[in-house]
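All remarks here apply to the structure that follows.
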Amino acid sequence: MPKASTSASLQLIVELFEQQFFAQYNTQLIGGANEPIYLPADGDCPRHRLFFREDFLSSALHETAHWCIAGSDRLVLEDFGYWYNPDGRTAEQQHIFESAEVKPQALEWMFSVACGQGFALSVDNLSGGNTKASESFALAVSQQAIAWCQLSQLPDRAALFINALSELFDRPDTLNPEYYQIGHLTYALLN
């Protein structure tokens, strides 16, 4: 498949998510949100909704990563039952944030490779004084992605989505550990 624009890629990813997961998990991936959030089905809406920020492809992949990792008990909780300390975290709060973000960011990186998009490691702390990821966080994300290069190690939904993305975007070598070496990481802030 030729390189698609970000907008076209995003639309393909949203459609692919629905094809892979709607029938079995009653979940839709939806853009345009001011802030990302997962809302389980309730009396007002019969389906689960995974909202990503505005039209950011990285947000769509990141929220999908969180969803793919969440266990069945978390899939019935708003935002999977996770806490979130907003921008402006202390060093201790940032360390806790980074610990919780290793798996989602490793998986987002793998999704990004599968669809031929760039990936930037995020600290999501614009005003907290920590705008660059710690080396230990970067290393942990890299090591997690490399460990998941063995398809049998990936969470089931993540494996399904990576396979589907790799096929759709013609990236059969997505699980090559060379892509996930720490030297390939870009340090950036969350969109």
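Computed from the coordinates by the stated procedures, all read-outs in this text should not be read as laboratory data. Values in this document were obtained by computation on a predicted structure and should not be read as measured data. All Cβ positions, even for glycine, are placed from backbone atoms using ideal geometry, and neighbour counts span all protein chains on display.
How would you rank SER9, SER134, going from fewest to most other Cβ atoms within 10 Å of each one's own Cβ?
Numbers: SER9 20, SER134 15.
Ranked by crowding around the Cβ, least crowded first: SER134, SER9.
Taking the simple approach of a point 7 Å from Cα along Cα-to-Cβ for both LEU160 and HIS95, what is their distance in nm?
Roughly 3.8 nm, to one decimal.
Computed FRET efficiency, Cβ-Cβ of ASP44 and GLU167, R0 45 Å: what is it to the nearest 0.05?
The value I calculate is 0.80.
Express in nm, to one decimal, how much length is gained between GLU18 and GLN150 on full extension, taking 0.36 nm for each residue of separation and deducting their alpha carbon distance. List each step's numbers first, then the result.
Details: separation 132, 0.36 × 132 = 47.52 nm, distance 2.51 nm.
This chain segment gains 45.0 nm when fully extended.
So in the chain, what percent of DSSP beta bridges are antiparallel if you round to the nearest 5? Don't skip to the end; give the middle numbers.
On the way: 3 of 10 bridges.
Given both bridge residues lie in the chain, the antiparallel proportion sits at roughly 30 percent.
Once fully extended, how much extra length lies between ASN34 and ASN176, figured as 0.36 nm per residue of separation less the alpha-carbon to alpha-carbon distance?
Details: separation 142, 0.36 × 142 = 51.12 nm, distance 3.46 nm.
Stretched out fully, the ASN34 to ASN176 stretch lengthens by 47.7 nm.
Which of the following values of semi-axes √(5λ) of the Cα gyration tensor in Å was calculated from the structure shown: [x] 23, 22, 16; [y] 113, 14, 11; [z] 38, 19, 15?
Structure-derived value, by its label: [x].
How would you classify the range 35-77 from its alpha-carbon gyration tensor, with a ≥ b ≥ c the square roots of the eigenvalues: rounded for a/c under 1.5, else prolate if a/b is greater than b/c, otherwise oblate?
oblate
Using the basic label-point model (7 angstrom from Cα toward the beta carbon), what is the ASP79 to TYR25 distance in nanometres?
In this crude spin-label approximation the distance works out to 2.0 nm.
Highest GNM mean-square fluctuation, the chain, Cα pairs closer than 10 Å: which of GLN143, GLN11, GLN24?
GLN24
Starting from the amide H of GLN28, placed 1.01 Å from N in the peptide plane, find each other amide H under 5 Å away whose residue is 5 or more places distant or on another chain.
Under 5 Å from the amide H of GLN28 lie the amide H atoms of HIS48, ARG49, LEU50, each far enough along the sequence or on another chain.
If neighbour count is taken as other Cβ atoms inside 10 Å, put GLU54, GLU135, GLU108, GLU98 in order from fewest to most. List each step's numbers first, then the result.
Numbers: GLU54 13, GLU135 10, GLU108 28, GLU98 24.
Going from sparsest to densest Cβ surroundings: GLU135, GLU54, GLU98, GLU108.
Please arrange HIS184, HIS48, HIS66 by counting, for each residue, the other beta carbons lying within 10 Å of its beta carbon, fewest first.
Numbers: HIS184 13, HIS48 19, HIS66 22.
Result, fewest neighbours first: HIS184, HIS48, HIS66.
For every other residue with a beta carbon closer than 14 angstrom to the beta carbon of TYR38, add +1 if it is Lys or Arg and -1 if Asp or Glu, then tell me the sum. Working shown, then result.
Numbers: positive: ARG47, ARG49, ARG53, ARG74, ARG157; negative: GLU35, ASP42, GLU63, ASP73, GLU78, ASP79.
Taking every other residue near TYR38 into account, the sum is -1.
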